[in-house]
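Values quoted throughout were computed directly from the atomic coordinates according to the rules given, and no laboratory measurement underlies them. Given the structure is predicted, the values throughout are model-derived calculations rather than measurements. FYI the Cβ positions are ideal-geometry reconstructions off the backbone, even for glycines, and counts take in every protein chain you see.
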Amino acid sequence: MPFSHLLAAVDLGSNSFRLVIGRIESTLVGDQIRPIDQIKETVRLAAGLSSTGTLSEPAQERAIAALHRFGERLRAFRPDAVRAVATNTFRVASHTRAFLERSQEALGFPIEVIAGREEARLIYLGAAHALPTDSQRRLIIDIGGGSTECIIGTDYRSELLESVPLGCVGLANQYFPDGNIDRHNYQRARLACRDALSPLSKLYREFGWRTSIGTSGTAKTLWQIAQVDFGDSRLTADALAMIETTLLKAGHADRLRLDGLKPDRRPVIAGGLAMMSAAFEEFGIESMDYCDGALREGVLYDLLGRSTGADTRSVTVAQMIRRYALDERYGQAVASLATAFYRDAVRASDDEIARSTRMLAWAAQLCETGMSIAHADYHKHGGYILSHCDMPGFSEDEQTLIANLVLGQTGGLTKLKSCLFGQNEWVMVLCLRLAVIFHRRRDGQLPPSVKLRVKSSGGRIELDSTWADDHPLTNQSLQFESAEWSKAGPWGLNYLLN
């Protein structure tokens with residue numbers, strides 16, 4: 001089987017790590033993905049999260065061991081055929097860069113820490129491909145280990161996306177740490193869940209939906225218990241009440257005996273039940289079905305879109321260009337020159353160059369976003385907007401990098417010293433700054449020959465002296481740029497005229 005027809009998604013959840021490999025199958029109406037291999041590891045990463053946000057060493061070691069096993073299965077895959085995403089525990093844990101680097105080394109592929117709404121978008125995409133296209137609005141509830149995602153959408157289009165930072169593992173740790181389940185603690189957990197969901201309740205009820213669907217482990221477990229133990233074909237409020245009664249009667253997770261409950265779900269069932277019951281109450285859900293599609297399937301289909309040219313990130317950038325009324329021709333010109341500088345300046349693998357030039361091009365296209373607030377300090381306004389807005393398809397690291405590039409496109413360099421990691425990101429800033437300087441007139445006229453070289457000891461830009469004499473403003477700007485890098489950059493920049 002050719003590996004060119006395989007895609008792999010790695011879902012690093014707060015409760016379980018999952019790997020799914022799918023084969024791309026072409027049909028008359030489009031491509032679809034057929035799963036051919038799956039691996040699940042119950043890591044319970046969120047169980048190792050302390051009140052101060054640090055991850056315990058045992059939790060980290062469980063994660064690294066699981067990723068080593070995933071890495072062996074993925075060893076023959078191309079980098080562009082694998083996407084690994086990390087969710088809530090990676091989002092909220094502190095001082096995780098070293099752990100993330102170890103995780104990436106164990107897996108053998110980059111890991112993206114995605115924001116809550118991006119997680120919700122991917123969950124809906126996965127569910128949508130597992131459900132019929134019937135033009136009816138549906139509410140999707142996905143209770144994970146560290147967060148709960150609530151989405152309303154129609155067919156393949158998500159319309160409302162929200163994520164709340166409460167999940168079954170976090171709730172179990174906080175309210176049932178020793179496994180004991182009494183009415184007082186259970187009600188506290190349920191009220192905490194209702195409090196988290198209540199800000200969404202009015203909007204979601206007004207928006208409306210025809211059917212409600214649960215995805216992922218908690219929903220599947222509760223749905224199976226409703227069917228196997230209580231004879232309901234769907235998960236209903238009555239079934240949830242009966243599960244609650246059984247749970248409280250048992251008094252401890254280890255004493256809970258239900259045919260539909262698998263042993264690995266027993267420690268977190270109380271937290272998951274509290275959240276699902278709260279969702280039924282806050283949203284007015286009467287009954288719920290279950291579907292298998294969720295985050296990992298959404299990652300696969302998003303990856304399929306990227307491989308066929310429909311990269312969600314490109315769509316996001318195009319929408320932002322329209323939203324902020326940006327000069328598209330100017331952005332494309334800056335992007336073209338900045339990426340050309342970058343390719344000339346660095347020596348790296350094709351995959352690294354491809355990723356960096358994509359990020360650099362998108363930053364160039366969005367570099368004037370801050371002008372929607374004011375021209376003065378527009379680079380700072382743009383950096384702020386891009387740091388805080390929703391950017392579907394982008395991981396948190398990708399979004400942060402683009403925001404920092406936009407912040408660094410002009411002005412002093414000192415502000416970037418705590419933002420950028422490694423020489424590569426500084427080179428990207430330099431390339432963008434030079435492209436902005438050369439396109440200041442917006443007339444498309446560029447020097448016939450300009451060369452950029454960057455080494456570990458510093459950078460060098462060479463320009464024809466005759467052209468520089470005919471363009472005194474650009475010449476002066478390049479002199480100022482050279483002085484700024486020598487004063488505040490990680491290395492100097494020599495400006496030479498030939």
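Note on residue 76/residue 456: beta-carbon distance plugged into 1/(1 + (r/R0)^6) with R0 of 41 Å gives a FRET efficiency of 0.75. Quick one: if you stick a label point 7 Å off each Cα along the C-beta vector at residue 38 and residue 187, how many nm between them? Going from the residue 38 label point to the residue 187 one covers 3.9 nm.
For residue 14, the residues whose amide H sits under 5 Å from its own are 88, 89, 145, 146, ignoring neighbours fewer than 5 places away on the same chain, with H placed 1.01 Å from N. As I understand it, the dipole of the chain uses +1 on the Cβ of Lys and Arg and -1 on the Cβ of Asp and Glu, about the Cα centre. Which of 246, 64, 391 lies farthest toward its positive end? Of the candidates, 64 comes out farthest on the positive side. A cut-off under 13 angstrom between Cβ atoms defines the neighbours of residue 311, and their net charge, with Lys, Arg +1 and Asp, Glu -1, is +2.
Once the Cα-Cα distance is subtracted from the 0.36 nm per residue extended length, the residue 497 to residue 315 segment shows a gain of 61.4 nm. Scaled against the 2.2 N^0.38 Å expected of a compact globular protein of N residues, the Cα radius of gyration of region 147-283 reads 1.03. For region 89-119, trypsin sites (Lys or Arg not before Pro) are listed when DSSP marks them as loop and at most 10 other Cβ atoms sit within 10 Å of their Cβ; the list is empty. Counting only DSSP beta bridges with both residues in the chain, the antiparallel share comes to about 65 percent. Centroid-to-centroid, using Cα positions, region 446-498 and region 403-440 are 15 Å apart.
Quote the FRET efficiency, to the nearest 0.05, computed for residue 178 versus residue 69 with a Förster distance R0 of 45 Å and r equal to the Cβ-Cβ distance. Could you put the intermediate results ahead of the total?
Values: r = 31 Å, r/R0 = 0.68.
The computed FRET efficiency comes out at 0.90.
Can you tally the net charge around residue 440? Count Lys and Arg as +1, Asp and Glu as -1, for every other residue whose Cβ sits under 14 Å from the Cβ of residue 440. Residues close to residue 440 contribute a combined charge of -1. Counting charges near residue 404 (Lys, Arg +1; Asp, Glu -1) among other residues having Cβ under 10 Å from its Cβ returns a value of 0. Pairs of Cα atoms nearer than 8 Å and 6+ residues apart set the relative contact order; for the chain it is 12 percent.
Placing a label point 7 Å from the Cα of residue 390 along the Cα-to-Cβ direction, the residues of region 96-127 whose backbone N falls under 12 Å from that point are 116-122.
Determine by what factor the alpha-carbon radius of gyration of the chain differs from 2.2 N^0.38 Å, reporting the quotient.
This ratio for the chain stands at 1.10.
Packing, as the average of other Cβ atoms within 10 Å across residues, places the peptides 250-257, 392-399 in the order 392-399, 250-257, highest first. Across region 280-287, coupling constants 3J(HN,Hα) worked out from phi with the 6.51/-1.76/1.60 Karplus curve, θ = phi - 60°, read 4, 6, 5, 9, x, 6, 8, 7 Hz, and Gly and Pro carry x.
List every residue whose amide H lies under 5 Å from the amide H of residue 459, counting only residues 5 or more places away in sequence or on a different chain, with H placed 1.01 Å from N in the peptide plane. Those lying under 5 Å, H to H, from residue 459 are 492, 493, 494.
Ranking 95, 126, 50 by how far each Cα lies toward the positive end of the dipole of region 23-148 (charges on Cβ) leaves 126 at the top.
Taken one residue at a time, the phi angles of region 58-71 give Karplus couplings (6.51, -1.76, 1.60, θ = phi - 60°) of x, 5, 4, 5, 4, 5, 5, 5, 5, 5, 4, 5, 4, x Hz. Gly and Pro are set to x.
Rounded to the nearest 0.05, the FRET efficiency derived from the C-beta distance between residue 353 and residue 134 at R0 = 35 Å is 0.20. Between residue 373 and residue 397, residue separation times 0.36 nm minus the direct Cα-Cα distance comes to 6.2 nm. For the pair residue 52 and residue 252, the difference between a 0.36 nm per residue extended length and the Cα-Cα distance amounts to 69.3 nm.
If you take every DSSP beta bridge whose two residues both sit in region 1-116, what share of them, in percent to the nearest 5, is antiparallel?
Bridges in region 1-116 are about 70 percent antiparallel.
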